[in-house]
Amino acid sequence: MKKQKIKSIKLRDPYLGITKVIGGILCILLGLLIFYLKQVSDLTKLDYSREASKNILFTFHKDDVLKIGKSKTLNAAFESVYFKEKYLTNYSKIDYVNHKNLIKNINKLLKIGYSNNEINIILSHGNDSSVTNFTKREKVRYLEEFYTIDYAKLDNYDRYVKYEEETAEDEELVVLYVNLDMDKEDYKDATLVTKFSEDMVVNKHRYLDKKFVPDNLVNISTKYASDSDLKCSKVALDAFIEMSKDCEAAGLGIVINSAYRSYQDQVDIEDLYRKYYGQAYVDKFVAKPGYSEHQTGLAFDIGSRTTNVFANSKEYKWMLDNAYKYGFTLRFTKSYEDITGFRSEPWHYRYVGKKIAKILYDEDMTLEEYFVKYLDK
Ligand SMILES: [Zn+2]
């Protein structure tokens, strides 16, 4: 019996040893896991992703990162295969933008010699591909001069420099004019506009093709128009009717003399003017087919019912003070001939919607400036 007992203890012994070892290992692993999870949670609390946190820990940068605190760019750097240890502090000082090649591009820009601040400027004025292109060139000057203007575009850098050299205008005007393609000749390399909208911009650098017809083209009743076959977009007509009623209530009368003109109408107008006044006149004063705002169906030439010369009429004065309330803007004024590219036309109003019309009125701004500052970003 005694012998048997000893045997059985001996038999159990090796298992007990293995169990202890496994138990020990498990304890260590559990301890490590708890330690690791605690480290990760210190970082995830600061908005670092799990992937970034893992890389921060494995590259022994936890203390550096905790010292820096939150940084979306640093997070992206630790997630990226392009992470470079020597740029760790730079990453933390560069504002994050959602670009596919962000870290790769930051590395290149730092290598070229740009400061963190200059890199912030570059990243905030271009998309991923324009920044990528920018990293392929040598270090440029005047970044701060042009790019303190928030709507300056990275892609236009060379054009800004060239236009400033040619015109000696201040940077704000240079950026505005170049963004409007005014450094290009009229009608040259113009942008095709295809979508109808209240805020669409058509001028000597932005055109409509033959096929473009405004949305909801409707006939204008002779109650509001001087001719029976005038048409415009319904949204503009509704606004005009509202305006016309209030104008009448003020004891005045306005009438639409011209509204929608098709591409072909503009061809015919060109031919007519050419016949009577010659090509030079047409080049100077008549919008080329596709480049007339009348093709949008949102523009009106307005007349007074009380006098022939609209610019001298009480209606003209009333319109200057009130048209914006109905969503209209006086499009071509003397002081803005440079920007609009058209000489002053006191009768030419454009429907842009009430919100934009009020901004243009309050800030004494052209539709072109509004486009550059708010729409074309
Ligand atoms: Zn007109």
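The values are calculated or read from the model by the stated rules, or taken from the named source; none is laboratory data. Please read these numbers as outputs of a predicted model, since none were measured by experiment. Glycine also receives a Cβ, built like all others from the backbone with ideal geometry; neighbour counts cover every protein chain displayed.
Pairs under 6 Å by beta carbon, first residue under 9 Å from E118 (Cβ atoms) and not assigned by TED's automatic domain parsing to the domain that holds N101 in segment 133-144, partner of a type in the set (S, T, N, Q) and surrounded by 15 or more Cβ atoms within 10 Å (Cβ to Cβ), six or more apart or different chains?
Correct list of pairs: empty, since none qualify.
Can you name the condition, by its number, that A236 falls short on among (1) closer than 30 Å to M182 by Cβ; (2) touching a helix residue (DSSP H, G or I) at 6+ places or on another chain (Cβ under 6 Å); (3) surrounded by 15 or more Cβ atoms within 10 Å (Cβ to Cβ)?
The one condition A236 does not meet is (2).
Can you name the residue in segment 312-338 that is in contact (Cβ under 8 Å) with a residue 40 or more places away in the chain, touching a helix residue (DSSP H, G or I) at 6+ places or on another chain (Cβ under 7 Å) and within 15 Å of the ligand (Cβ to nearest atom) and is also nearest to A249 (Cα to Cα) among such residues?
Restricting to residues being in contact (Cβ under 8 Å) with a residue 40 or more places away in the chain, touching a helix residue (DSSP H, G or I) at 6+ places or on another chain (Cβ under 7 Å) and within 15 Å of the ligand (Cβ to nearest atom), the top hit is A323.
Testing N257 on (1) within 30 Å of N179 (Cα to Cα); (2) outside any loop (DSSP other than H, G, I, E, B); (3) within 14 Å of the ligand (Cβ to nearest atom), one condition comes back false. Which one is that?
Of the numbered conditions (1) within 30 Å of N179 (Cα to Cα); (2) outside any loop (DSSP other than H, G, I, E, B); (3) within 14 Å of the ligand (Cβ to nearest atom), the odd one out for N257 is (1).
Tally up the residues in segment 221-233 that are out of contact with any Phe, Trp or Tyr (no Cβ under 8 Å at 6 or more places or on another chain) and surrounded by 19 or more Cβ atoms within 10 Å (Cβ to Cβ), please.
So in segment 221-233, the residues out of contact with any Phe, Trp or Tyr (no Cβ under 8 Å at 6 or more places or on another chain) come out as 221-223, 225-229.
Retained after the next criterion (residues that are surrounded by 19 or more Cβ atoms within 10 Å (Cβ to Cβ)): 225.
Residues in segment 221-233 being out of contact with any Phe, Trp or Tyr (no Cβ under 8 Å at 6 or more places or on another chain) and surrounded by 19 or more Cβ atoms within 10 Å (Cβ to Cβ): 1 in total.
Would you point out which residue out of E169, E248, E164, E242 is surrounded by fewer than 19 Cβ atoms within 10 Å (Cβ to Cβ), outside the structural domain of A323 (by TED's automatic domain parsing) and among the charged types (D, E, K, R)?
On the way: E248 fails: outside the structural domain of A323 (by TED's automatic domain parsing); E164 fails: surrounded by fewer than 19 Cβ atoms within 10 Å (Cβ to Cβ); E242 fails: outside the structural domain of A323 (by TED's automatic domain parsing).
Answer to the check: E169.
Go through S262, S226 for me and flag whichever is among the hydroxyl-bearing types (S, T, Y) and in contact (Cβ under 8 Å) with a residue 60 or more places away in the chain.
Numbers: S262 fails: in contact (Cβ under 8 Å) with a residue 60 or more places away in the chain.
Result of the check over S262, S226: S226.
In segment 298-308, how many residues are away from the ligand (no atom under 16 Å from the Cβ) and touching a helix residue (DSSP H, G or I) at 6+ places or on another chain (Cβ under 9 Å)?
Restricting attention to segment 298-308, the residues satisfying the condition of being away from the ligand (no atom under 16 Å from the Cβ) are 305-308.
If we keep only those that are touching a helix residue (DSSP H, G or I) at 6+ places or on another chain (Cβ under 9 Å) as well, we get 305-307.
Qualifying residue count for the region: 3.
Has segment 286-297 got at least one residue that is in contact (Cβ under 8 Å) with a residue 60 or more places away in the chain, among the basic types (K, R), within 16 Å of the ligand (Cβ to nearest atom) and surrounded by fewer than 20 Cβ atoms within 10 Å (Cβ to Cβ)?
yes
Look at S41 and say whether it is farther than 27 Å from G126 by Cβ, crowded, with 18+ Cβ neighbours inside 10 Å, at pLDDT below 95 and outside the structural domain of F134 (by TED's automatic domain parsing). If you could, list the steps in order and put the result at the bottom.
Numbers: farther than 27 Å from G126 by Cβ: yes; crowded, with 18+ Cβ neighbours inside 10 Å: no; at pLDDT below 95: yes; outside the structural domain of F134 (by TED's automatic domain parsing): yes.
It is false that S41 is farther than 27 Å from G126 by Cβ, crowded, with 18+ Cβ neighbours inside 10 Å, at pLDDT below 95 and outside the structural domain of F134 (by TED's automatic domain parsing).
Taking the residues in segment 260-270 that are surrounded by 12 or more Cβ atoms within 10 Å (Cβ to Cβ) and assigned to a helix (DSSP H, G or I) as candidates, determine which candidate is nearest to the chain's Cα centre (by Cα).
The first filter runs over segment 260-270 and keeps only residues surrounded by 12 or more Cβ atoms within 10 Å (Cβ to Cβ), leaving 260-263, 265-270.
Keeping just the survivors that are assigned to a helix (DSSP H, G or I) gives 263, 265-270.
On the way: Y263: 29, D265: 33, Q266: 31, V267: 33, D268: 36, I269: 35, E270: 35 Å.
Top of the filtered list is Y263.
Among the numbered conditions (1) more than 16 Å from the ligand (Cβ to nearest atom); (2) of a type outside the set (V, I, T); (3) under 28 Å from the mean Cα position of the chain (by Cα); (4) at pLDDT below 90, tell me where G341 comes up short.
(1)
Of everything in segment 184-199, what is of a type outside the set (S, T, Y) and either within 19 Å of V213 (Cβ to Cβ) or loosely packed, with under 13 Cβ neighbours inside 10 Å (or both)? Give them in sequence order.
Going through segment 184-199, the residues of a type outside the set (S, T, Y) turn out to be 184-186, 188-190, 192-193, 195-196, 198-199.
Selection gives E185, K188, D189, L192, V193, K195, F196, E198, D199.
What's the total number of residues in segment 27-70 that are assigned to a loop (DSSP other than H, G, I, E, B) and within 35 Å of the chain's Cα centre (by Cα)?
Within segment 27-70, the first condition is being assigned to a loop (DSSP other than H, G, I, E, B), and the residues that meet it are 45-49, 59-61, 69-70.
From the residues that got through so far, the ones that are within 35 Å of the chain's Cα centre (by Cα) too are 45-49, 69-70.
Total meeting the criteria: 7.
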